[in-house]
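What follows is a set of notes on a single structure, which appears directly below.
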Amino acid sequence: MKPDQSFEHIEGVTHFPGNGQSDKPVCIMGSIHGNERIGAAILEELKGLLASVDLRSDVYLILGNPEAYRQDVRFIDTDMNRLFGINRDVISPGDNIEEKRIAEIVPALSESCYLLDIHSTIKPSVPFVYCEPDAKHIALATLMGVHYIVSASPNFTPDDLVTSADNFVDRRGGIGITFESGWHKDPHAIDDVLFRVKLFLQKTGACDFGLVQPENTTSSKHLTIYNHVVPQSTSFVFSRDFNNFDAVMKDEIIGNDGGTEIRAERDSFIIFPKKDIQLEKIACYLAHVS
């Protein structure tokens, strides 16, 4: 099926109309951070695939941040995936690149009942999913075949955990899933991710690729983010070079912040450790097994 020409004037947004059998549009987004290249590659693969299948529902393909992608940087002016907070439920064009881009893609996101937002990591990492902890989100998250599904505790919701594109779709009654698809330099990543995206499209009723979900050899471990580490001095250093899902034991030293030892308050996993440590900015999150 040919893309809907009404979206041709919006760079990086392709709309494939469905045949009307399903009224639940699906959105696949990639490279909202421009240096996370896997998402853009998946979108290019999908353009050819979706043109040759019978779509039951509308499907939107969105290249998140085209200008940042061209420059191979995370963002131009500000982190686009931190601009979908609750105060952004009515979006108007802003002054910088990312704010203007959000205004362009919000119509497609607002119509979508399902969102799969594809990210990748700049350091080697196992793939994982970030989503809300309810059964509907988890059912879709398991399609990604990941070892870890990460959610935020309802008692711990700093801005960084409620201002992403999946939050935006969730607030409108949809289901948003952020798929951290692993290291962007993994030579097998694109094939693996494309297979999982096709499963997602199939499970949400958009189309039928005739795929069978493989049995996971290990069940996904569900982790709940309960706290974060925020440096209060410019001399903060981690106790070691942490990667995603490195385990720390209760009372183990995580870092040193201007002479103060930062210790884990319970057995935990390190989530999203930052390479560029900044004063009063989150250095990492801490999660426990749900």
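Below is a table of values for the structure above.
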quantity	calculated
Cα-centred dipole magnitude for the chain, charges only on beta-carbon of K, R (+1) and D, E (-1), debye, nearest 20	360
Value at 222 nm in deg cm²/dmol, rounded to 500, when DSSP H runs of n ≥ 4 in the chain each add -39,500 (n - 2.57)	-6500 deg cm²/dmol
Integer Hz, Karplus 6.51/-1.76/1.60 couplings in order for region 232-241, x for Gly and Pro	9, 9, 7, 9, 4, 9, 5, 6, 7, 7
Separation of the ALA103 and GLU44 label points, Cα + 7 Å toward Cβ, nm	3.0
Residue-wise HN-Hα coupling along region 50-64, computed from phi with Karplus coefficients 6.51, -1.76, 1.60 (Hz; x: Gly, Pro)	6, 6, 10, 10, 7, 8, 7, 10, 5, 10, 10, 10, 10, 7, x
Shape of the chain, Cα gyration tensor, a/c cut at 1.5	prolate
Residue pairs, from the table LYS24/LYS100; LYS221/LYS281; LYS221/LYS250; LYS136/LYS275; LYS250/LYS274, whose Cα atoms sit over 25 Å apart	LYS24/LYS100; LYS221/LYS281; LYS136/LYS275
Amide H contacts under 5 Å for TRP183, placed H, 5+ residues apart	THR121, SER125
Cα-centre dipole for region 102-209 with unit charges at Cβ (Lys and Arg positive, Asp and Glu negative), debye to 20	180
Computed Kirkwood radius, in angstrom, where 1/r is averaged over Cα pairs of region 140-256	17.3
GLY255 long-range amide H proximity, modeled H, under 5 Å	SER239, ILE262
Coarse-grained scattering of region 225-289 at q = 0.20, 0.23, 0.25 Å⁻¹, given as base-10 log I(q)/I(0) from a Debye sum over alpha-carbon atoms	-0.69, -0.92, -1.10
Convex hull volume per residue in cubic angstrom - Cα atoms of region 155-197	102
Per-residue ³J(HN,Hα) for region 107-119, Karplus 6.51 cos²θ - 1.76 cosθ + 1.60, θ = phi - 60°, Hz, x for Gly and Pro	x, 5, 5, 5, 7, 7, 8, 9, 10, 10, 9, 8, 10
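A short reminder: the numbers here are calculations on the coordinates, not readings from a lab. Keep in mind the model is a prediction, meaning the values are calculated, not measured. We place every Cβ from the backbone using ideal geometry, glycine too, and count neighbours over all the protein chains shown.
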